[in-house]
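A.B. asks: Have a look at this one before I ask anything.
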Amino acid sequence: CRRCMQCDAKFDFLTRKHHCRRCGKCFCDRCCSQKVPLRRMCFVDPVRQCAECALVSHKEAEFYDKQLKVLLSGATFLVTFGNSEKPETMTCRLSNNQRYLFLDGDSHYEIEIVHISTVQILTEGFPPGEKDIHAYTSLRGSQPASEGGNARATGMFLQYTVPGTEGVTQLKLTAAEDVTVGRRQAVAWLVAMHKAAKLLYESRDQ
């Protein structure tokens, strides 16, 4: 690599070559001057990154510091599996290794994150005529819709595959209607889950 892959400056004795620790591309010092922690690649101390990668890494750092704790703590939801009409009260949380969603109630379920194909955050608070399903994202690459207005998360719709079986399984998580600490915790968990899905979309090519 003889030139900066951002500004096309030629590398020489004065213009030194650097590489972004996230994407691995070569840049001059001006185009690769930011130093940001990169926890997903086990860099705890700040490391050199290009401007584009540094932006994503900043968002990831915020996720690790804030949203991840909420997802690991879990929250209580009314869970409906498939076409069942009777919901079950269950606690939903992210596993410590961040690979599974655990659902615990009268029974126990483990959903591997890589097998989740669709996440829809159900929201309320729109002007008349707008759809209740607002924020959409797919963990396999569909771009999430922008957040808007005073929408408030009320639930989540998941579709996932079970290894060894055909077709797609679906479930719906709904926060309790009563205004309690449990509902606030559930809403915070849904918001964190939505941000996690958006972050996966933004960083999937990194």
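Since every read-out is calculated from the coordinates, none of them should be taken as a lab result. Fair warning: this is a prediction, and the values are worked out from it, not measured in the lab. All Cβ positions, glycine included, derive from the backbone under ideal geometry; neighbour counts span all protein chains shown.
A.B. asks: Run the reach check for K17 against lysines, Cα to Cα strictly under 21 Å, same-chain hits fewer than 8 apart removed. What comes back?
C.D. replies: K25, K35
A.B. asks: With viscosity set to 0.890 mPa s at 25 °C, what whole-number translational diffusion coefficient in µm²/s follows for segment 18-68 from Stokes-Einstein and a Kirkwood radius over Cα pairs? Before the final figure, lay out the partial values.
C.D. replies: Numbers: Rh = 10.8 Å.
Answer from the Stokes-Einstein relation: 227 µm²/s.
A.B. asks: Could you order peptides 98-109, 24-35, 80-91 by the average number of other Cβ atoms within 10 Å of their residues, highest first?
C.D. replies: On the way: 98-109: 14.0, 24-35: 17.2, 80-91: 12.3.
Descending packing order for the listed peptides: 24-35, 98-109, 80-91.
A.B. asks: How much length, in nm to one decimal, is gained on full extension between E124 and F81, taken as 0.36 nm per residue of separation minus their Cα-Cα distance? Mind dumping the intermediate values first?
C.D. replies: Values: separation 43, 0.36 × 43 = 15.48 nm, distance 2.18 nm.
Fully extending the segment from E124 to F81 adds 13.3 nm.
A.B. asks: Express in nm, to one decimal, how much length is gained between E166 and L72 on full extension, taking 0.36 nm for each residue of separation and deducting their alpha carbon distance. Walk me through the intermediate numbers first.
C.D. replies: Values: separation 94, 0.36 × 94 = 33.84 nm, distance 2.98 nm.
Value of the extension gain: 30.9 nm.
A.B. asks: So, R0 is 41 Å and r is the distance between the beta-carbons of K10 and D65; what FRET efficiency does that work out to, to 0.05? If you can, show how the numbers build up before the last one.
C.D. replies: On the way: r = 40 Å, r/R0 = 0.97.
Efficiency for this residue pair is about 0.55.
A.B. asks: Let me ask something else. How far is it, in nm, from the label point at C1 to the one at H19 when both lie 7 Å from their Cα along the line to the Cβ?
C.D. replies: Label at C1, label at H19, 0.7 nm between them.
A.B. asks: Moving on to the next point. Go through segment 17-30 residue by residue and turn each phi into a ³J(HN,Hα) via Karplus (6.51, -1.76, 1.60, θ = phi - 60°); whole Hz please, and just put x for glycine and proline.
C.D. replies: Result, rounded to whole Hz: 9, 10, 10, 6, 6, 9, 9, x, 6, 9, 9, 7, 4, 5.
A.B. asks: Label Q98 and E112 with points 7 Å out from Cα along Cα→Cβ: what is the distance between them in nm?
C.D. replies: Going from the Q98 label point to the E112 one covers 1.9 nm.
A.B. asks: Starting from the Cα of K172, draw a straight line to each of the lysines and keep only those under 29 Å, dropping any in the same chain fewer than 8 residues away.
C.D. replies: K59, K66, K69, K86, K131, K195, K198
A.B. asks: Still on this structure: Where does each of 54-61, 9-16 land if you order them by average Cβ count within 10 Å, highest first? It would help to have the intermediate numbers written out before the result.
C.D. replies: Values: 54-61: 18.4, 9-16: 10.2.
Ranked by mean Cβ neighbours within 10 Å, highest first: 54-61, 9-16.
A.B. asks: Now for a different question. Subtract the Cα-Cα distance of T91 and H58 from 0.36 nm times their separation in residues, and report this length gain in nm to one decimal.
C.D. replies: 8.9 nm
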